[in-house]
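*Asks:* Please see the structure below; I have some questions.
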Amino acid sequence: MSALPSLLTALQQEAATLRHWQRTHPLSVQVTGPGPVAAESHATRIIAAGHAPLLVWGVAGSLHDEFAAGTLVIADEVIYQGRKYRPDPDLNTQLHRGLAAAMPRRAALLCMDQPLWTEDEKRQHAAATDTALVDTESGAVAAAAARHQVPFAVIRVVVDNVTATLPACTRDALQEDGSIAVGRVIAGLARAPSELGALLALARAQRMALNRLHSAARMLAQLHWTPPGPAR
């Protein structure tokens, strides 16, 4: 088993934050596309090729007021389809050591099949699951890792506050690969110009989250990695 993890990101923008780390280390990075089906398929192929452990990397939504946009989080639990998965303790220890200067938070993460768009949805799921973050990939990767008994971990940066309701012009423009169809955004703003403020706030939060990921990757590039023990 390799000491360096294989990284999985849903979006190309998230993968781009890893370029410095890739230039200095033989780092494997896979862009899965959004959603649990794509994430689990890629994770299974990576495991079959012998490239464990796995590290999920990217942005997530907040389900709790204490986790504001820009917060760096190392997940200590992942909940997916009613099952709880524990990230590898050896991997998490190394991540906390490498990112100590960035003061990462610990939190439980909820993985959903679809994004949560509104504050009401986020708070309802937070209350039901006692989780602080939400994404659509980590749980599927965790499930694949558990089936094959390989270690995994999750690093996320919060991109939208729990109070944020994502504008309809963005939801309607979201494509299967996770990219945004700009023409649909413009058309949506023409129908609802009042959404411009929320759209600009989301863009600022996205830039901040990606910058935070970039900084975290540079820190981890300095870390002396050791292979984790067998998955527990």
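The values are calculated or read from the model by the stated rules, or taken from the named source; none is laboratory data. No experiment lies behind these values; they were computed from the predicted model shown. Backbone-built Cβ (ideal geometry, glycine too); neighbour counts: all protein chains shown.
*Asks:* Tell me which residues, restricted to region 67-97, are out of contact with any strand residue (DSSP E or B) (no Cβ under 7 Å at 6 or more places or on another chain), in contact (Cβ under 8 Å) with a residue 60 or more places away in the chain and assigned to a helix (DSSP H, G or I).
*Replies:* PRO89, ASP90, GLN94, ARG97
*Asks:* Within region 25-36, does at least one residue satisfy the condition of being surrounded by fewer than 18 Cβ atoms within 10 Å (Cβ to Cβ), part of a helix (DSSP H, G or I) and free of Cβ contacts under 8 Å to residues at least 60 places away in the same chain?
*Replies:* Among the residues of region 25-36, not one is surrounded by fewer than 18 Cβ atoms within 10 Å (Cβ to Cβ), part of a helix (DSSP H, G or I) and free of Cβ contacts under 8 Å to residues at least 60 places away in the same chain, which makes the answer no.
*Asks:* Same structure again: Among (1) over 15 Å from ALA142 (Cα atoms); (2) at pLDDT 95 or above; (3) of a type in the set (A, V, I, L, M, F, W, C), where does ALA49 come up short?
*Replies:* (2)
*Asks:* Just for region 3-18: of the residues that are part of a helix (DSSP H, G or I) and modelled with pLDDT under 95, which one is surrounded by the most Cβ atoms within 10 Å (Cβ to Cβ)? Reasoning before the result, please.
*Replies:* Applying the first criterion (part of a helix (DSSP H, G or I)) to region 3-18 yields 12-16.
Subsequent filtering for residues that are modelled with pLDDT under 95 retains 12-13.
Details: GLN12: 12, GLN13: 18.
Among those that are part of a helix (DSSP H, G or I) and modelled with pLDDT under 95, it is GLN13.
*Asks:* Do you know which residues across region 98-109 are surrounded by 14 or more Cβ atoms within 10 Å (Cβ to Cβ), part of a strand (DSSP E or B) and either in contact with a helix residue (DSSP H, G or I) (Cβ under 9 Å, 6 or more places away or on another chain) or in contact (Cβ under 8 Å) with a residue 60 or more places away in the chain (or both)?
*Replies:* Selection gives ALA108, LEU109.
*Asks:* So LEU7 passes all but one of these: (1) in contact with a helix residue (DSSP H, G or I) (Cβ under 9 Å, 6 or more places away or on another chain); (2) farther than 19 Å from LEU223 by Cα. Which condition number does it fail?
*Replies:* It is condition (2) that LEU7 fails.
*Asks:* What are the residues in region 77-105 that are over 17 Å from the mean Cα position of the chain (by Cα) and among the polar types (S, T, N, Q), if any?
*Replies:* Result: GLN81, THR93, GLN94.
*Asks:* Give the number of residues within region 128-166 that are in a loop (DSSP other than H, G, I, E, B), in contact (Cβ under 8 Å) with a residue 40 or more places away in the chain and more than 11 Å from the chain's Cα centre (by Cα).
*Replies:* Residues flagged as in a loop (DSSP other than H, G, I, E, B), in contact (Cβ under 8 Å) with a residue 40 or more places away in the chain and more than 11 Å from the chain's Cα centre (by Cα) within region 128-166 amount to 11.
Yes/no matrix, rows are residues, columns are (1) among the charged types (D, E, K, R); (2) surrounded by 12 or more Cβ atoms within 10 Å (Cβ to Cβ); (3) at pLDDT below 70; (4) within 15 Å of GLN13 (Cα to Cα):
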| site | (1), (2), (3), (4) |
| --- | --- |
| ARG156 | yes, yes, no, yes |
| ARG171 | yes, yes, yes, no |
| LEU174 | no, yes, yes, yes |
| LEU196 | no, yes, yes, no |
| LEU210 | no, yes, no, yes |
| LEU213 | no, yes, no, yes |
| ALA217 | no, yes, no, yes |
| HIS224 | no, no, no, no |
| ARG232 | yes, no, yes, no |
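*Asks:* Specify which of the listed residues (HIS51, HIS64) is part of a loop (DSSP other than H, G, I, E, B), crowded, with 17+ Cβ neighbours inside 10 Å and free of Cβ contacts under 8 Å to residues at least 60 places away in the same chain.
*Replies:* Answer to the check: HIS51.
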